[in-house]
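Working notes, structure below.
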Amino acid sequence: MDALDRRILALYQRDVRQPAGRIGAAVGLSAAAVQRRLKRLREAGVIRAEVARLDAARLGLPVTCLVSLTLGAAATPRGQLARVKRELAAQPEVESCYHVTGALDFVLVVVTPSLERYTEFVRRVLEPNPHVARFDTHVVLETVKADGPLPL
């Protein structure tokens, strides 16, 4: 990946629907050259997906909670940790799941239509899980920045 690829990606990640010709004009390449580079970057896995960013609140999901999760010692064997990861990732309310270093084991982004539904999620998923030793919930009051472009 060269400097032109990075410039193309910096523009492309802000709006994947913009024409290759517009990106090309900004970086000094033809539309065809931009398309070839984007194809190569997709094949290399640099571009993982081209998705729509949806407004959760407008879709009836106004509650976002950041959940820090600590596992008990029994979850540290490799097989149990993998199982916990699969279980968390399978929950439709879990928008993102990060396995992290430090005092915590996971940070989850959980999106629900109400605090009551978040409570149901906790009672269904977190409380009965024998590997969850502790969790803390932080309710998002306002999203200041999300899904920002990568600093290329």
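List of remarks:
- Cα gyration tensor shape for the range 3-43, rounded if a/c is under 1.5, else prolate or oblate: rounded
- Here the Kirkwood formula puts the hydrodynamic radius of the chain at 18.3 Å, using every distinct Cα pair.
- FRET efficiency for Val51 and Ala82, using Cβ-Cβ distance with R0 set to 25 Å, rounded to 0.05: 0.45
- Neighbourhood charge, 12 Å Cβ-Cβ cut-off, centred on Pro130 and excluding it, Lys, Arg +1 and Asp, Glu -1: -1
- Computed from point charges on the beta carbon alone (+1 for Lys and Arg, -1 for Asp and Glu), the dipole magnitude for the range 10-152 about its Cα centre is near 800 Debye.
- The reciprocal of the average 1/r between distinct C-alpha atoms defines the Kirkwood hydrodynamic radius, which for the range 57-139 equals 13.0 Å.
- Inter-label distance, nm, simple model (7 Å from Cα along the C-beta direction), Ala133/Arg17: 4.8
Taken together, the values in this text are just the output of simple stated rules run on the coordinates, not laboratory data. What you see is a predicted model, and the numbers here were worked out from it, not measured in a lab. Note: ideal-geometry Cβ built from the backbone for every residue, glycine included; neighbour counts use all protein chains shown.
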